[in-house]
Structure formats: C-alpha cells, structure tokens
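Here's the structure we're looking at; comments come further down.
The values are calculated or read from the model by the stated rules, or taken from the named source; none is laboratory data. Values in this document were obtained by computation on a predicted structure and should not be read as measured data. For neighbour counting, all protein chains shown are included, and Cβ atoms are generated from backbone atoms with ideal geometry for every residue, glycine included. Areas reflect the complete protein model, heavy atoms only, side chains present, ligands, DNA and RNA absent. Shrake-Rupley method; radii C 1.70, N 1.55, O 1.52, S 1.80 Å.
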Amino acid sequence: MDTSIITGKKQGLKQLGLGILGAGLILTANAQESTTTEQESELRDMVVTASRMEEPSLDVPANTTIITAGDIADTTATSVPEVLQDLAGVEVSSWLGTGRSTSVDIRGFGETAGANTLVLVDGRRINSPTLSGVDWSTVPLERIKRIEVIRGGASVMYGDNATGGVVNIITKKGATEHTLDTDTTVGSYDYFKQSLTLSGNLDQDWFYNFNGSYTDTDGYRDNGYFRNKTTGLRLGYDPDSLFSIDLSAGIKNDSYGLPGSIPEGDDPESTNAPNDFAETQEYYAQVTPQIEFSDGSKLSLGLKLRNSEQYSEWKSMMSVNEFKLYEWGISPQYTFDISNWGIDHRITLGVDYYSSDMHEIKSYLPPLDRHRHEAGYYVNDKITLLPSKLYLDAGYRRARVNYDFSDGKHDAFDIDAANLGLTYRYADKSKLFASFDRSYRTMRLDELGGLLARGKLLPPQITNHYQAGIQHHFNDKLTVSTTIFEINTDDEIFFDPKTYTNKNYQETCRRGIELEIEANPHEKVEIFANYTWMRPELGRGSYEGNEIPGVSRNSGSIGLKMYPMKNMTIDTRARWADGKNLISDWNNNLGEEWNDDYVVWDMLISYDISSFTIYAGVNNILDEEYAEYGSYYAGKANIYPSPDRNFITGIRFTKTF
C-alpha cells in the first residue's frame with residue numbers, strides 16, 4: 001500500500017475542512033437568523049435524561065447534546081451510532097460496518113464501553129446484561145424524535161452502567177394529523193431499506209405511532225451481510241387532565257455474518273471466517289401510567305419487559321453459542337415541588353427493580369443458568385438558589401445487586417451512588433457548571449471468570465467523575481463550549497489477556513477536554529466543529545503507566561450545512577481520530593503502529609418536492625483506508641476494516657389524511 005497516497009488524502013482533507021469552515025465564515029456578511037424552525041429549537045432547549053423529568057438543558061450541570069429528527073434526516077447516517085460519531089467526547093467503533101455490532105464510548109472506556117455508557121429508549125434501558133452489548137438496530141432512525149446525550153456519571157438516577165454518560169433515544173408519539181410516511185433507501189453493497197410509519201391522534205387525547213422497517217445489505221466485507229426486521233408501536237392517552245398512560249412495544253429479528261478480524265495488510269474485504277453467523281429474536285414492551293396532581297406533583301409507574309434469544313455459530317472456532325434472556329423491571333417515581341425559607345426545591349423520589357435471567361442452551365463450556373437482580377432507591381433535589389440563575393443538584397442512591405448461578409455461586413453487593421452539581425446561568429443561553437458523580441458498573445452475567453474456566457463473582461467498579469465547563473452564547477450566530485473532566489475508577493472490570501480471565505483492575509484515570517463551536521453566520525449556513533483531547537491512564541496495578549486500549553488520544557469533527565436554494569439542503573461533515581492502542585493491548589506493545597490517524601468525509605444532498613424528499617449521499621468521499629476497531633492477539637494486530645467509499649440514495653414520502 002502506498003502510504004504517501006493516504007498521507008496526501010489526509011493532508012488534503014484537513015485543508016478541505018479548514019476551507020469548509022472558512023467558506024462558511026466568509027458568508028457572515030449581512031447575516032440573518034438561522035433557518036432552524038421554532039419546533040426544532042424547542043426540542044434542543046429541553047432534556048429529560050439528566051433528572052428523569054423535563055427541564056431546560058441550560059439548567060443541567062453537565063455537557064449535553066440534543067439531536068433532533070431533522071438533524072438526523074440531513075445526514076448520511078443509517079444507524080444511531082453513525083448519528084453520534086460526530087459528537088465531542090464520543091467515540092464510535094464499528095466491528096462490521098453495518099451498524100449491528102458497534103461500540104459507542106463516552107469519555108474513554110474502550111473495550112468495556114458497552115457496559116459504561118447507559119443507553120435508554122424512552123427511559124427504558126437497552127444495555128444487555130451480557131457482554132453482547134447494546135443492539136443499536138432495535139430502533140430505526142425514522143422512529144426517533146430526538147436523542148439526548150449527557151456526558152458524566154448518572155448512577156443516582158439510573159443505577160448500573162451510567163459511568164461515562166447516558167444516551168437517551170426518545171421516539172415519536174402521534175402526529176397532529178393522521179399521517180403516512182414511507183422511506184426507501186438503496187446504496188452500495190446491495191444496501192436496501194424500506195420503512196413505513198402510520199401516526200396520528202384520536203380526539204386530541206389518544207396518540208399512536210406504528211412503524212415497520214426492513215434492512216438488507218451484503219456489507220462491505222465477505223460474510224458481512226445484515227438482515228434486520230423491526231416493528232414498533234407507541235400508543236398513549238394524554239389529555240390535559242389528571243391521568244395519562246404511555247405504551248411502547250416492539251419486535252425485531254435479525255441475522256448477520258461474522259467476518260471476524262484479519263491480519264493487518266490483508267485485503268480489507270476478505271474474511272477468515274466465511275461461515276460464521278449470528279441471529280437474534282427479541283420483543284419488548286413498556287407501559288408508564290402517570291398521575292399529575294393539581295399541585296403539579298407527578299406519580300408514575302414504569303413497567304418494563306424484554307425477552308430475547310441469541311444464537312451464533314463460530315465455525316472457524318468450532319463453537320456454538322445459544323442463550324435466552326428474560327428481563328423485567330418496575331420503576332415507581334414521585335416528583336414534587338416544595339419551598340422552604342424562600343428557596344424552591346424540586347424533589348424526585350424513586351425505586352428501581354430490575355431482574356435478568358440468562359438461560360444458557362449451548363456453549364463451549366457446560367451450560368450455566370444465571371440470575372441477577374438489582375433493587376435500589378434514590379432521591380434527587382434540584383434547588384433553586386437564585387431564580388432563573390443559580391441551581392444546585394444533589395442526589396443519592398442505595399442499591400443492592402444479587403447474583404445466583406446454577407453452579408452454586410451466589411453473592412450480593414451493596415453500592416452507594418451520589419451526585420452534586422452547580423449550574424450558574426450568567427447570561428442568556430450561557431452557563432457555567434461543575435459537578436461530581438459517584439457511579440458504578442457491575443459484572444455482566446457472562447463476565448464470570450474467563451474464556452477457559454469460570455471463576456469468582458467480581459465486585460462492582462466504583463467511579464468518581466468530576467467535570468466543569470462553560471457554554472457561552474455570544475449571539476445568535478456563535479456559541480462556544482469547553483468542558484474539562486477527570487474520571488477516577490477503582491476496581492475497574494476488564495478482561496486480562498495475560499490470564500484469560502475477567503478481573504478488577506485497581507486504579508484507572510481518564511482526563512480530557514472537550515471543545516465545541518456552533519455558528520450560524522448566515523441564514524443559509526450552519527457550522528459546527530469540535531475537538532476532544534483524552535488521556536486514558538492505567539494506575540496502580542499490573543499495567544501501571546500504560547494507556548487504556550481502544551481510546552483515541554485526539555479526535556474531532558467539523559461540519560457545514562447549507563441551504564443554497566429553496567427546498568435544498570447540503571450537509572457535509574468530516575471526522576478525525578488518532579492515537580489509539582489496540583483492544584487488549586494493555587502493555588501498549590504496538591502503540592499506534594497499527595492505526596495511523598484517519599479523516600473520513602461524508603456528504604448528503606436532499607431536495608423537497610411537494611410531499612416527497614429526494615436525497616443522495618456519499619460516505620468516505622476520499623476512499624480512506626482505516627479501521628475503527630482492532631485487537632491485539634498472538635503478538636500482532638487483528639483489525640476489522642471500515643467501509644471504503646460508498647453511496648446511498650433514496651426517497652421519502654409524507655401524506656396526511
């Protein structure tokens with residue numbers, strides 16, 4: 001491979017990125033207000049994730065990002081991870097390039113990101129209690145109203161997994177009129193996706209949203225296929241009165257190839273596992289009745305259920321795995337306002353109970369049934385020290401996690417979580433904030449022992465997360481944000497390749513800075529840019545002084561959205577990363593040799609014609625050769641190549657009746 005060509009591409013694309021930013025700034029003459037609609041602006045102003053109740057994002061003592069359905073539709077993204085990959089402090093690593101097996105890492109947890117980034121759909125956790133991670137393909141993009149990303153610990157409000165941050169996917173309810181939406185997309189690698197949505201309301205009190213979608217692609221690599229069927233329903237009763245209820249449910253079935261890793265330098269489309277594959281069947285439901293009393297207090301009861309079956313054949317390793325998961329939970333919550341000595345408090349009290357049963361059917365070791373349940377109570381107080389100016393958040397959770405395994409192993413762990421945050425809104429759309437969060441993550445059901453034998457139950461890891469930042473709104477044309485953070489973890493759960501076992505690492509430390517710019521220099525131009533600096537360090541323990549694998553030291557994104565003519569939108573964006581060690585390379589043996597820095601540039605053009613939207617896009621415009629994910633095994637790099645230049649095009653149709 002001629003590295004001078006790749007280097008030239010990187011240099012050219014970096015210059016192009018600066019050119020994009022410069023071109024947008026030149027257009028600042030006679031700047032007018034942004035084309036962002038009032039509705040989209042309102043969606044960005046409010047969040048529900050930070051405190052499990054709706055509040056202005058400017059009142060939250062954390063770095064937050066809100067992505068709307070309009071933002072998603074303007075990009076080439078076909079999955080939620082692809083939507084998130086341009087955010088500061090968020091690193092996305094795809095194994096298969098199809099959106100099926102993808103890690104979304106908030107603030108540098110690397111290999112265990114799936115257990116340290118909490119993912120919710122309408123407040124329902126979708127993190128698996130096993131090492132299979134988050135199935136991002138459960139919710140297709142067309143169902144999403146907005147995505148909220150909260151960086152920082154959140155175990156007080158959510159318990160397990162919320163150590164690096166939280167991603168909350170909020171789906172659409174009913175439309176104001178009976179509406180039919182269809183979306184057909186085709187693209188490279190024989191990509192095809194068809195979705196259909198029916199939504200509306202009845203008598204202004206009942207709402208409904210029904211969606212079905214099918215995705216089929218051969219994938220970039222040999223044996224990289226992905227077939228996915230999803231059906232989702234959201235139904236509710238929401239009058240302007242005492243009682244409301246919200247029901248969501250869905251079914252998904254998928255099958256996909258497992259091309260595995262290849263040695264560095266091999267044909268990136270090749271595979272050493274042409275017959276490995278996996279299948280998943282899942283259904284889920286959630287119902288949330290709520291009573292809102294005349295004094296404004298609210299009582300809700302969240303009931304959650306998820307059952308799934310996963311089957312995989314690793315013929316390259318002569319292994320078959322099959323298991324069933326049964327999960328359910330209940331989360332009563334009461335929120336009320338009080339005032340003492342002229343100081344207003346909004347208090348949230350709640351209880352969470354989650355139960356997970358894993359029934360192992362086939363495995364390379366004797367099958368083992370495993371049960372985990374977590375029960376906890378929490379309280380959070382949002383104190384208004386100065387009306388519309390100064391807020392103090394303080395909270396506490398007490399939880400108990402129990403494990404029972406069919407081989408006789410059992411144990412229980414008592415865990416405390418706490419948070420303290422201060423937010424000062426010193427000017428319009430501007431804030432200073434600082435916070436501390438004590439959070440935790442517990443052992444997954446299949447993290448017992450290692451690959452060759454089953455060992456002891458692991459105690460939970462405890463994380464202290466500190467962050468401070470400023471978001472300054474200069475005017476309607478420019479907002480700049482800076483956040484610094486430090487994350488100290490004791491007993492971090494990880495897989496040790498020296499002993500082939502899962503164990504606790506004594507101490508780790510992550511430090512970082514997130515810089516973000518949003519500019520609207522002209523009514524037809526929107527610009528964003530961000531940069532993240534990260535230092536993930538291993539402290540006291542067997543790998544002391546090394547860096548945590550799978551985390552980029554430097555990363556950033558830049559994007560430009562233009563409206564060159566009526567009904568046309570052009571969205572172009574580029575992302576860059578460097579300085580990542582291979583997964584499992586705790587000794588940093590290869591350093592950065594396996595993975596030079598890479599820059600990937602994408603673009604989408606869309607045009608509205610009456611009830612139709614026609615769009616076309618290209619990913620990896622300059623055909624960069626790169627890999628987001630790779631592992632260290634047998635003294636060498638084993639990589640999962642990312643897709644080369646590829647194209648999509650499609651048409652959306654909306655009809656009200």
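Given LYS315/LYS636; LYS172/LYS429; LYS298/LYS655; LYS229/LYS298; LYS304/LYS655; LYS252/LYS580, which pairs have Cα atoms separated by over 29 Å?
Details: LYS315/LYS636 22 Å; LYS172/LYS429 27 Å; LYS298/LYS655 36 Å; LYS229/LYS298 37 Å; LYS304/LYS655 33 Å; LYS252/LYS580 34 Å.
Distance filter (> 29 Å) returns LYS298/LYS655; LYS229/LYS298; LYS304/LYS655; LYS252/LYS580.
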LYS229 - accessible surface, heavy atoms, 1.4 Å probe, Å² rounded to 10
120
Area accessible to solvent at SER610, 1.4 Å probe radius, in Å²:
120
The stretch 490-637, dipole about Cα centre (Lys/Arg Cβ +1, Asp/Glu Cβ -1), debye to the nearest 20
160
Charge dipole of the chain about the Cα centre (unit charges at C-beta), most positive-ward option of TYR403, GLY550, ASN380
ASN380
Please calculate the 1.4 Å probe accessible area of PHE485, with all protein chains present, and give it to the nearest 10 Å².
10
Whole-percent carbon and sulfur share, accessible surface of the chain, 1.4 Å:
56
Once the in-chain neighbours fewer than 8 apart are removed, the lysines whose Cα is under 21 Å from LYS524 read LYS477, LYS561, LYS566
Please compute, for the alpha-carbon atoms of the stretch 501-657, the extent along each of the three principal axes and give them in descending order in Å.
63, 35, 32
Rg ratio (alpha-carbon, reference 2.2 N^0.38 Å) - the stretch 444-588:
1.43
Report, in whole Å, the centroid distance computed from the Cα atoms of the stretch 461-535 and the stretch 159-196.
26
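Output the relative contact order of the chain, whole-number percent, from Cα pairs under 8 angstrom with separation of 6+ residues. Write out the running numbers ahead of the final one.
Details: 1870 pairs, mean separation 85.1, N = 657.
Computed over the chain, the figure is 13 percent.
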Using square roots of five times the C-alpha gyration tensor eigenvalues, list the equivalent-ellipsoid semi-axes of the chain in whole Å, biggest first.
34, 32, 27
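Among rounded, prolate and oblate, which fits the stretch 73-211 when a ≥ b ≥ c are the square roots of the eigenvalues of its C-alpha gyration tensor, a/c under 1.5 means rounded, and a/b larger than b/c means prolate? Walk me through the intermediate numbers first.
Numbers: a/c = 2.35, a/b = 1.36, b/c = 1.73.
Oblate.
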So which lysines can LYS503 reach, going by Cα to Cα under 20 Å and dropping same-chain residues fewer than 8 places off?
LYS409, LYS456
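Counting only helical runs of four or more DSSP H residues, what would the 222 nm mean residue ellipticity of the chain come to if each run contributes -39,500 (n - 2.57) and the total is spread over all its residues? Don't jump to the answer; show the numbers that get you there.
Values: 6 runs with 50 residues, N = 657.
Only helices count here, giving -2000 deg cm²/dmol.
How much area per residue is accessible in the chain when the probe is 1.4 Å and only protein heavy atoms are counted (Å²)? Write out the running numbers ahead of the final one.
Details: 27340 Å² over 657 residues.
So the chain comes to 42 Å² accessible per residue, rounded to a whole number.
Given contacts defined as C-alpha pairs under 8 Å and at least six residues apart, what's the relative contact order of the stretch 504-603, whole-number percent? Numbers along the way, then the final one.
Working: 219 pairs, mean separation 22.3, N = 100.
Normalised by residue count, the contact order of the stretch 504-603 is 22 percent.
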Among the aspartates and glutamates, which fall within straight-line cross-link reach of LYS324, defined as a Cα-Cα distance under 17 Å, with same-chain neighbours fewer than 8 residues apart omitted?
ASP135, ASP254, GLU279, GLU282, GLU309, GLU313, ASP357, GLU360, ASP369, ASP404, ASP446, GLU447
Report the charge-dipole magnitude of the chain in Debye, nearest 20, computed about the Cα centre from +1 at each Lys and Arg Cβ and -1 at each Asp and Glu Cβ.
580
Taking only protein heavy atoms and a 1.4 Å probe, the highest-to-lowest accessible-area order of TRP341, TRP601 is TRP341, TRP601
Please arrange MET565, MET443 by accessible surface area, largest first, computed with a 1.4 Å probe and ligands excluded.
MET565, MET443
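If you rank ASP644, ASP608, ASP240 by how much accessible surface each has, with a 1.4 Å probe, what is the order from largest down? Intermediate values should be presented prior to the final figure.
Values: ASP644 40, ASP608 65, ASP240 165 Å².
Ranked from most to least accessible, the order is ASP240, ASP608, ASP644.
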